[in-house]
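One structure below.
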Amino acid sequence: MSGYHTGNKVIDETKQGEALVIDGVGSRKLYIESYGCQMNFADSEVVASILSESGYSTTRNMDEADLVLLNTCSIRDKAEQTVRKRLKAFHQVKNQRPNLKIGVLGCMAERVKDKLLDEEKLVDLVVGPDAYRDLPNLLEEVDSGRKAVNVILSKEETYADVNPVRLGLNKVSAFVSITRGCDNMCTFCVVPFTRGRERSRNPQTILEECQQLWENGYREITLLGQNVDSYLWYGGGLKKDFDKASDLAKASAVHFADLLHMVASALPEMRIRFSTSNPQDMTDDVLHAIAKHPNICNYIHLPVQSGSSRILHDMNRGHTREEYIGLIDRIRNIIPDCAISHDMITGFPGETEEDHQDTLSLMDYVRYQFGYMFKYSERPNTFAARKFEDNVPDEIKTRRLTEIIEKQNAHSLERNRERIGLVEEVLIEGNSKRSDQHWFGRTSQNTVVVFAKTGDESPGDLVHVRIDDCTSATLLGTLQN
Ligand code: SAH
Ligand code: F3S
C-alpha cells in the first residue's frame with residue numbers, strides 16, 4: 001500500500017476516481033473521472049463548464065458517453081498505474097465503439113503525453129492543466145481524425161472568469177480555486193513540473209464565485225491551492241515576479257490573510273475552509289484571521305512530511321522540526337480549539353531509524369486529528385530522483401508506514417474521545433452512507449458526525465449535536481433542539 005488515509009477525509013488517488021455528473025441539455029455527453037487532489041476535482045468542474053459551451057452535458061453513465069475524460073494524477077507511481085489500468089479498460093470499450101473519444105487531462109498529460117498518444121495509442125486527446133480553454137478546438141481536431149495535444153503551461157491562466165459547473169453530489173460544500181501551480185520545489189514532488197509556476201487568481205472573481213455559491217444554496221467553501229498561504233494578488237502575474245512589480249502594486253497587494261478577511265466578512269454565514277497550508281509560508285496573520293472570524297473553520301491541514309530536520313532539509317521544505325513545532329505552538333495559542341492534520345512520507349532517501357523515530361515523536365507532540373500517510377515514491381526528473389538514491393528498502397518503508405498509521409489511528413481515537421459529551425455545531429451534508437435514517441455532517445474541526453434524523457432538518461442546516469460516542473474516524477451523536 002503506498003497511499004493511505006486515515007481519519008475522515010478521503011481524497012487519496014488510490015481509490016477509484018469519481019464520476020462527476022450533472023443533468024444537462026447539451027446534445028453530446030461527457031463522462032469525466034477525477035483522480036488525485038481536490039484541485040483536480042475543481043478543475044473537472046471548470047472543464048465541464050468550458051465544454052458545456054460546446055454542447056456537452058455530463059453523464060454518470062459511461063455507456064452513453066461520446067467523450068470520456070480522465071483528470072489524472074502523477075503524485076506517486078501508484079496513482080499513475082491506477083489511471084493506466086483505467087485507460088486500458090476504456091480502450092477496450094473503444095474497440096467496440098470506435099466513435100468514442102478518450103482524453104487525458106491533468107498532471108499525467110504533462111508527464112507522459114508522448115507515451116499515451118504515440119507508443120500506447122491509448123488516447124485521442126491530451127490536455128494539460130493550463131490548456132482547458134483549448135478543449136473545444138482540440139476536440140474539433142479529434143473530430144477530423146487527428147490526435148490533439150496541448151500541454152503548454154501558462155504564466156497567467158487561473159480560469160478566473162470560468163463559472164464552474166458544480167459536479168459534486170453534495171450541494172452544500174464546494175471548492176473554489178485561488179491559486180494554480182507551485183513554486184516550492186519540494187525535492188520529492190512532481191507538482192511544480194506538472195502544474196507550472198505559481199499564480200494567484202483575482203480576488204474579486206473569487207468573491208463573486210463565493211457569493212454566487214451562497215445564492216445557490218451552498219453553505220461551505222474550501223479555498224484551494226497547492227499552497228494557499230502563498231496566495232498573492234498584485235494585479236496579475238507570477239508570484240516569483242512580485243519583486244519587479246510597481247510600488248503601488250506592492251502596496252495594494254492582497255495576501256492570503258487579506259483574502260480570508262474579505263471572503264469571511266462578505267459572507268458571514270458561509271463556512272470557510274482552505275487547503276493546503278504550507279508551514280514555511282503560513283503567517284500569524286492567517287492564524288489571527290481564523291481566530292477572528294467564527295465562520296472560518298478551526299481546522300488546518302498542515303503537511304509536515306517528516307519529523308527529522310535533516311530529512312526536511314533534503315526535502316527542501318524550508319523549515320526545521322523546531323520551526324514547525326513553533327508554528328504548532330502558535331496555532332494552539334491563537335486558535336485554542338484548532339484541529340490539525342498532516343501529510344507524512346516514510347522512506348525518503350537516506351531516512352534512518354533515528355529520523356523515523358523523530359517523525360513518531362513529532363506526531364506524539366502534535367497529536368494530529370488525522371493524516372494522510374505515504375511511502376516515498378520516486379518521481380522521474382525531480383531533484384530527489386536526480387540527486388538521491390531511493391535507498392530505503394520497501395519492507396522498511398512499509399514497516400515505518402504501518403507504525404505511523406497505527407500511531408495516527410490511536411491519536412485520532414483519542415482526539416475524538418475528547419469530544420464526547422460536548423455539543424458540536426455541525427453542517428449537515430447529506431444522508432449517512434450506512435443509513436438514510438441518519439445525517440452526516442462535519443464539525444468546524446472537520447470531523448465527521450453521524451446522528452439520527454428528527455424530521456425537521458435538511459442538508460445545509462447548521463445544527464447542534466451532542467457527541468455520545470466515537471470511532472477513530474467518526475463522532476456519533478444526538479441532535480439537540
Ligand atoms: N501542496 C499540495 C501537496 C500535493 S501532494 C497539496 O495541495 O496538498 C500531496 C501529498 O502527497 C504531499 O503532501 C506528500 O505528502 C505526498 N507526496 C508528494 N510527492 C510524493 C512522492 N514522491 N512520494 C510519496 N508521497 C508524495
Ligand atoms: Fe509539492 Fe511541495 Fe508544492 S509538496 S505541491 S512542491 S508545496
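The values are calculated or read from the model by the stated rules, or taken from the named source; none is laboratory data. Quick caveat: nothing in here was measured; it's all calculated off a predicted structure. Neighbour counts run over all protein chains shown; Cβ positions are idealised from the backbone, glycine included. Ligands, DNA and RNA are stripped out before the accessible areas are found, and what is left, the full protein with its side chains, is counted by its heavy atoms. Shrake-Rupley method; radii C 1.70, N 1.55, O 1.52, S 1.80 Å.
Test T222 against the criterion of being open to solvent by 30 Å² or more (accessible area, probe 1.4 Å) and among the β-branched types (V, I, T), and give yes or no.
Answer is no for this residue.
List the pairs whose first member sits in the range 453-476 and is among the charged types (D, E, K, R) and at pLDDT below 95, whose second member is open to solvent by 20 Å² or more (accessible area, probe 1.4 Å) and assigned to a loop (DSSP other than H, G, I, E, B), and whose Cβ atoms are under 8 Å apart, counting only residues at least 6 apart or on separate chains?
none
Can you name the residue in the range 238-253 that is assigned to a helix (DSSP H, G or I) and touching a strand residue (DSSP E or B) at 6+ places or on another chain (Cβ under 9 Å) and, of all such residues, is least open to solvent (accessible area, probe 1.4 Å)?
F242
Which helices (runs of 4 or more DSSP H) sit wholly inside the range 71-166 and have at least 2 residues that are over 27 Å from Y376 (Cβ atoms)?
Those helices (runs of 4 or more DSSP H) span 77-96, 135-143.
Only residues that are outside any strand (DSSP E or B) and either without any contact (Cβ under 8 Å) to a residue 24 or more places away in the chain or buried (at least 21 other Cβ atoms within 10 Å of the Cβ) (or both): list them for the range 60-70, please.
Correct list: D63, A65.
Which condition number does D183 fail, the rest of (1) within 16 Å of ligand 2 (Cβ to nearest atom); (2) open to solvent by less than 30 Å² (accessible area, probe 1.4 Å) being met?
(2)
How many residues does the range 370-407 contain that are away from ligand 1 (no atom under 13 Å from the Cβ) and crowded, with 18+ Cβ neighbours inside 10 Å?
3
Can you report the number of residues in the range 144-178 which are in contact (Cβ under 8 Å) with a residue 60 or more places away in the chain and within 16 Å of ligand 2 (Cβ to nearest atom)?
2
From the list G235, G217, which residue is assigned to a loop (DSSP other than H, G, I, E, B), surrounded by fewer than 22 Cβ atoms within 10 Å (Cβ to Cβ) and without any contact (Cβ under 8 Å) to a residue 60 or more places away in the chain?
G235
For the range 260-276, how many residues are more than 18 Å from A174 (Cα to Cα) and within 16 Å of ligand 1 (Cβ to nearest atom)?
0
Looking only at residues in the range 358-369 that are of a type outside the set (K, R) and more than 19 Å from R399 (Cβ to Cβ), which one is most open to solvent (accessible area, probe 1.4 Å)?
Only one residue tops the list, namely Y365.
On the given criteria, is L117 outside the structural domain of D343 (by TED's automatic domain parsing) and modelled with pLDDT of 90 or more?
When the stated conditions are applied, L117 does not pass them.
Go through the range 433-448 and give me each residue that's within 24 Å of the chain's Cα centre (by Cα) and either within 17 Å of M270 (Cβ to Cβ) or modelled with pLDDT under 95 (or both).
K433, G441, R442, T443, S444, N446
Please go through the range 76-135 and pick out each residue that is surrounded by fewer than 14 Cβ atoms within 10 Å (Cβ to Cβ) and over 21 Å from V191 (Cα atoms).
The answer is K85, K88, A89, Q92, N95, Q96, R97, P98, N99, D118, E119, K121.
Looking at A249, A253, A264, which one is more than 21 Å from K155 (Cα to Cα) and either within 12 Å of ligand 2 (Cβ to nearest atom) or not polar (S, T, N, Q) (or both)?
So the residue among A249, A253, A264 that is more than 21 Å from K155 (Cα to Cα) and either within 12 Å of ligand 2 (Cβ to nearest atom) or not polar (S, T, N, Q) (or both) is A264.
For the range 208-224, indicate whether the set of residues that are modelled with pLDDT of 95 or more, more than 16 Å from ligand 2 (Cβ to nearest atom) and touching a His at 6+ places or on another chain (Cβ under 8 Å) is non-empty.
no
Which is polar (S, T, N, Q) and within 16 Å of S306 (Cα to Cα), of Q369, Q408?
Q408
With respect to D390, is the statement that it is over 30 Å from Q81 (Cβ atoms), away from ligand 2 (no atom under 16 Å from the Cβ) and at pLDDT 95 or above true?
no
Any idea how many residues of the range 441-467 are crowded, with 18+ Cβ neighbours inside 10 Å, part of a strand (DSSP E or B) and of a type in the set (G, A, S)?
Residues that pass the stated criteria total 1.
Find all pairs meeting these conditions: Cβ atoms under 6 angstrom apart; at least six residues apart or on different chains; first residue within the range 187-206 and open to solvent by 10 Å² or more (accessible area, probe 1.4 Å) and among the β-branched types (V, I, T); second residue more than 9 Å from ligand 2 (Cβ to nearest atom) and not in a helix (DSSP H, G or I).
The qualifying pairs are T205/A160.
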